[in-house]
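Here's the structure, in structure tokens; my notes come after.
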Amino acid sequence: MRWAIISDIHEDLISLQAALRAIEKFNCDEIICLGDISGYSVPYYDYLHSRNAHECLSLIRANCKIIILGNHDIHAAEIIPKHCNFFDFPENWYRLNYHERHKLANNTLWLHEENDLNPLYKWDDLEYLRSLPELSVRKANGHKILFTHYVYPNISGLKKEFYTYRDEFDQHFEYMDTLNCSISFTGHTHIRGFFAATKHKYKQYRYKRYRLKDEPVCFGIPPITNQNKRNGFCIFDVDNASIKVIKL
């Protein structure tokens, strides 16, 4: 069994189409998306005239077995997250003006309207996003596998923080233990290549094959968006217990 795992499209239709064409060559059984279909941030991206959140979401819906919400998707669809224990979102969060939310957030959360253009979704797109989960757990070949947009407790990437030290993953591994998961996949960081975090170390790799060892592991995969020419996707060979991260 072979799964393709993608993340962080950010409305980049051309790169998403290229990724799906490349994935076809691997004869994957499923494609899994870890979120941030939305989110064209003006300071960071340069494909203004080809961005298309609606078409990206349509392709994701047509091709992906599992789709997880990312922080930009949560903002676009005005969703109050269910899995968030670091900030108490008021029910009227999206009815507050920017200045009120900025004060409440106290520089803890991403306030995406500071940089993001409106994704121009259709009503059906927004309703579909609101139906999506913030995490998913799958069983395969004796493993339980956790899929999230980012690392617990920040599983949807709403909080302004990124982890690069081993001990910063302790809570994530504790969360994996509560779900009896031994493998975890996340996106969000836009890493060049991928990272593998275990209970003993954190290490970044470029685009290569990595064989799973007999210990819990969290993988962070690259984005689909062509920002900074670091985009790619992950192929998870379930039967051979290995991943391969491919550059687009």
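The values are calculated or read from the model by the stated rules, or taken from the named source; none is laboratory data. Worth saying up front: this structure is predicted, and the values here are computed from it rather than measured. We place every Cβ from the backbone using ideal geometry, glycine too, and count neighbours over all the protein chains shown.
Data for the structure
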| read-out | value |
| --- | --- |
| Residue match in the range 189-198 (condition: in contact (Cβ under 8 Å) with a residue 40 or more places away in the chain, in contact with a Phe, Trp or Tyr (Cβ under 8 Å, 6 or more places away or on another chain), among the polar types (S, T, N, Q) and surrounded by 14 or more Cβ atoms within 10 Å (Cβ to Cβ)) | no |
| Condition met for E11 (modelled with pLDDT of 95 or more and either buried (at least 19 other Cβ atoms within 10 Å of the Cβ) or under 26 Å from D239 (Cα atoms) (or both)) | yes |
| Residue in the range 160-168 that is in contact (Cβ under 8 Å) with a residue 24 or more places away in the chain, more than 22 Å from Y210 (Cβ to Cβ), among the charged types (D, E, K, R) and surrounded by fewer than 21 Cβ atoms within 10 Å (Cβ to Cβ) present | yes |
| The range 139-156, subset part of a loop (DSSP other than H, G, I, E, B) and hydroxyl-bearing (S, T, Y), residue nearest to D239 (Cα to Cα) | Y150 |
| A241, sole failed condition from (1) in contact with a strand residue (DSSP E or B) (Cβ under 6 Å, 6 or more places away or on another chain); (2) surrounded by fewer than 17 Cβ atoms within 10 Å (Cβ to Cβ); (3) of a type in the set (A, V, I, L, M) | (1) |
| Per-region count, the range 36-53, residues of a type in the set (V, I, T) and surrounded by fewer than 17 Cβ atoms within 10 Å (Cβ to Cβ) | 1 |
| Residue count, the range 1-26 (criterion: touching a strand residue (DSSP E or B) at 6+ places or on another chain (Cβ under 6 Å), closer than 22 Å to D46 by Cα and not hydrophobic (A, V, I, L, M, F, W, C)) | 1 |
| Residue check for E127: at pLDDT below 95, closer than 15 Å to S38 by Cβ, under 20 Å from the mean Cα position of the chain (by Cα) and not aromatic (F, W, Y) | no |
| Residues that are of a type outside the set (S, T, Y) and loosely packed, with under 13 Cβ neighbours inside 10 Å, drawn from the range 91-101 | E91, N92, R95, N97, H99 |
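Yes or no, residue by residue, for (1) of a type in the set (V, I, T); (2) part of a loop (DSSP other than H, G, I, E, B); (3) touching a residue at least 12 places away in the same chain (Cβ under 8 Å); (4) touching a helix residue (DSSP H, G or I) at 6+ places or on another chain (Cβ under 6 Å):
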{"residue": "I31", "(1), (2), (3), (4)": "yes, no, yes, yes"}
{"residue": "C56", "(1), (2), (3), (4)": "no, no, yes, yes"}
{"residue": "L69", "(1), (2), (3), (4)": "no, yes, yes, no"}
{"residue": "F87", "(1), (2), (3), (4)": "no, yes, yes, no"}
{"residue": "Y94", "(1), (2), (3), (4)": "no, no, yes, no"}
{"residue": "L104", "(1), (2), (3), (4)": "no, no, yes, no"}
{"residue": "L126", "(1), (2), (3), (4)": "no, no, yes, no"}
{"residue": "V137", "(1), (2), (3), (4)": "yes, no, yes, no"}
